[in-house]
Amino acid sequence: MEPMESTLESHDVAKKPEVADVDLTKIGNNLLLKFHALMRMSRTYDSKNVALVQFIQESLKMINSFIEREGSFSLKIIRDDLYMNQQMLRYSVEGFNSFKYLLAQWKKRFIGEIIFKEPVDERILRAFIYTLVDLEEGGERNATRFNETMKQGGISAIQVNPLETFEGEDGVYTLRKGDLKEVARKIFFETIGTVKEVVTQIKGDQHADVRKLKRLAQKMIHIIVEDESILLGLTTIKNYDEYTYNHSVNVSIYALAIGRRLGFSRETLTELGLTALFHDVGKSKIPIEVLNKPGALDEKEWALMKKHPMAGVEAVLNLKQLGEINPKMVIGIFDHHLKYNLTGYPNLHHKKETSLFGRILQIVDAYDAMTTPRVYKKVPFTLEQTLAIMQKESGIHFDPILLKVFVNLVGVFPVGSLVLLDSGDVGIVYKAHPDPKWIDRPQVILLAKDGTEESRTFIDLSETDSDGHFKWSIVKTLDPNQHHIDVAKYFL
Ligand SMILES: [Fe+2]
Ligand SMILES: [Fe+2]
């Protein structure tokens, strides 16, 4: 075993997750899911419904064990964030819908905080949910009314406080300096949700809201222009269950980053972003068994798979809001599996040059697909392996110039790479160095040796000591899968 490897072992970073943080995120997201479901169920189910009763029992268990451990339980809205017992809640992909739902429902009712002061029983939890749901939307005195109702029912365990409003708050997302990262996260998850929504609508031949997706693409562009490393970091999230939607958003982030380097106007960037979000929409017409087949596809299945670019073109041309779509976008979707040397699919009777959008998509689509675990390849390629494989295909599969732009953009060590430093420390590449001459000296988060998040340190590999020597250098990259490190967690 190499000595460097054993250093990693001794840190034990792989086996010791950041307990407190992971725990809180998990419990918090679980509780959000429970409250979300309780609010929805209480509206549709009869109060004696078996499923509801069972669900209430489950929720009680979870809430009470949290209260017993922490002394109390509170959820507070501050601007567009939820704080659980004074700690800002990081949400997961699965938790995002609940997060959005609760935020919207409570805001509408001017409820800003709920506090469980002691463990509760079924009667109290039911009273809480029903009273909350019954509050009228827009009632400014709702918090007082809620507390009075509880008091009348002899309940003192739960209290709510009115929503605090902040100066200059407008709409759901207010872009403020300093919390661009927060905004980016919300937009990222909302875009995944919206792609899913739109694809489902297209699949069911329903009206699909392209404009909503377009607005989200514009927001992503805004963030990429401000600081592209934030969204690039989020592409390390590889959500297995929502693969197609997550993939489309990742592809669109990489595509936009390339487009920006090529000097595209905002308008062209929006078109490119939307094309990327739609590039695999044709897959909605392919049976799920074929899409998720663990083994190799047989001839018939391949034939089906190869139809998805054309099916995507058809789907997009059938959109009601066709005004948002232009030929560049349609051709981009058609071309996205057509290689640089014109092999690939669909089969062309008349050879033509692949479009610029198509050539960009080829690169970013392959990169994201290769770096994501799939049913038929559970352990994906590392970022470094992926780039090496892609380099070999330069001029064959990929446009050589665009590939250079892309490699420059992700760097020698792409954001999200796990790296071993000459100090023996292990880190995760967090951000490319702003100066291209330091392409191999990115900013890195050091993984804490004791496995806690508190001691997380950011270092800049271009820093030198008083003798002019670099303080740290990368020795090699490591495979996060092999070391059981969830890289995405560092970007959430
Ligand atoms: Fe595709
Ligand atoms: Fe794709």
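The values are calculated or read from the model by the stated rules, or taken from the named source; none is laboratory data. Just so we're clear, the structure is a prediction, and the values are computed from it rather than from any experiment. Cβ: placed from backbone, ideal geometry, glycine included. Neighbour counts: every protein chain shown. Just so you know, the surface numbers come from the protein's heavy atoms only, side chains and all, with ligands and any DNA or RNA stripped out. Shrake-Rupley method; radii C 1.70, N 1.55, O 1.52, S 1.80 Å.
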Place a point 7 Å from the Cα of residue 68 in the direction of its beta carbon; the residues of the range 120-163 whose amide N falls under 15 Å from it are 120-122
Evaluate the relative contact order of the range 204-363 (contact order divided by residue number), counting alpha-carbon pairs under 8 angstrom at least 6 apart; express in whole percent. 21 percent
Inverse of <1/r> over all distinct C-alpha pairs of the range 299-352, i.e. the Kirkwood Rh in Å, gives 12.1 Å
Cα-based helix-to-principal-axis angle, 383-392 vs the chain, degrees rounded to 10: 30 degrees
So for the pair residue 465, residue 341, with labels modelled 7 Å out along Cα→Cβ, what separation do we get in nm? 5.0 nm
Links that overshoot a 24 Å alpha carbon limit, given the list 186/238; 196/320; 293/378; 307/328; 186/285; 339/377: 186/285
For the range 94-159, the Debye formula with one identical point scatterer on each Cα and no solvent gives log10 I(q)/I(0) at q = 0.12, 0.23, 0.24, 0.26 Å⁻¹ as -0.31, -1.03, -1.09, -1.19
Beyond 37 Å, what share of the Cα-Cα pairs of the chain remains, rounded to the nearest whole percent? 37 percent
Just tell me which lysines come within less than 23 Å, Cα to Cα, of residue 437; anything on the same chain fewer than 8 places away is out. 404, 471, 476
For residue 486 the rounded accessible area (nearest 10 Å², probe 1.4 Å, non-protein molecules ignored) is 90 Å²
Whole-Å distance, taken between Cα centres, linking the range 86-154 and the range 320-339: 45 Å
Just the C-alpha atoms of the range 347-483: what Rg/Rh do they give, with Rh taken as the Kirkwood radius? 1.06
Only Lys, Arg, Asp and Glu count, each charged at its Cβ (+1, +1, -1, -1), so figure out the dipole size of the chain about its Cα centre, rounded to 20 debye. 1480 debye
So the angle from the long Cα axis of helix 308-317 to the longest Cα principal axis of the chain, reported in degrees to the nearest 10, equals 60 degrees
Label-to-label distance, nm, for residues given as residue 37 and residue 152 (7 Å Cα→Cβ offset): 3.1 nm
If every alpha-carbon in the range 286-418 counts as one equal scatterer, what log10 I(q)/I(0) does Debye give at q = 0.12 1/Å? -0.55
Between residue 320 and residue 435, what length comes free when the chain is fully extended (0.36 nm per residue of separation minus the Cα-Cα distance, one decimal in nm)? 36.9 nm
Solvent-accessible area per residue, Å², over the chain with all protein chains present [probe radius 1.4 Å]: 47 Å²
Which of the peptides 266-274, 342-350, 371-379 is most tightly packed, and how do the rest follow, judged by the mean count of other Cβ atoms within 10 Å per residue? 266-274, 371-379, 342-350
Relative to the longest principal axis of the C-alpha atoms of the chain, give the angle of the C-alpha long axis of helix 122-134, reported between 0 and 90° and rounded to the nearest 10°. 70 degrees
May I ask you to work out the translational diffusion coefficient for the range 202-303 at 25 °C, viscosity 0.890 mPa s, via Stokes-Einstein with Rh from the Kirkwood sum over Cα pairs, reported in whole µm²/s? 163 µm²/s
Once normalised by the length of the range 272-410, the mean sequence separation of its alpha carbon contacts under 8 Å that are 6 or more apart gives a contact order in percent of 22 percent
Which order, highest average first, do 399-407, 358-366 follow once you tally other Cβ atoms within 10 Å for each residue and take the mean per peptide? 358-366, 399-407
Calculate, for residue 262 and residue 180, the FRET efficiency according to 1/(1 + (r/R0)^6) with r their C-beta to C-beta distance and R0 22 Å; round to the nearest 0.05. 0.40
Work out how much length residue 136 to residue 385 would gain on full extension: take 0.36 nm times their residue separation and subtract the Cα-Cα distance, in nm to one decimal. 84.0 nm
Taking a temperature of 20 °C and a viscosity of 1.002 mPa s, what whole-number D in µm²/s does Stokes-Einstein yield for the range 70-121 with Rh from Kirkwood over alpha carbon pairs? 183 µm²/s
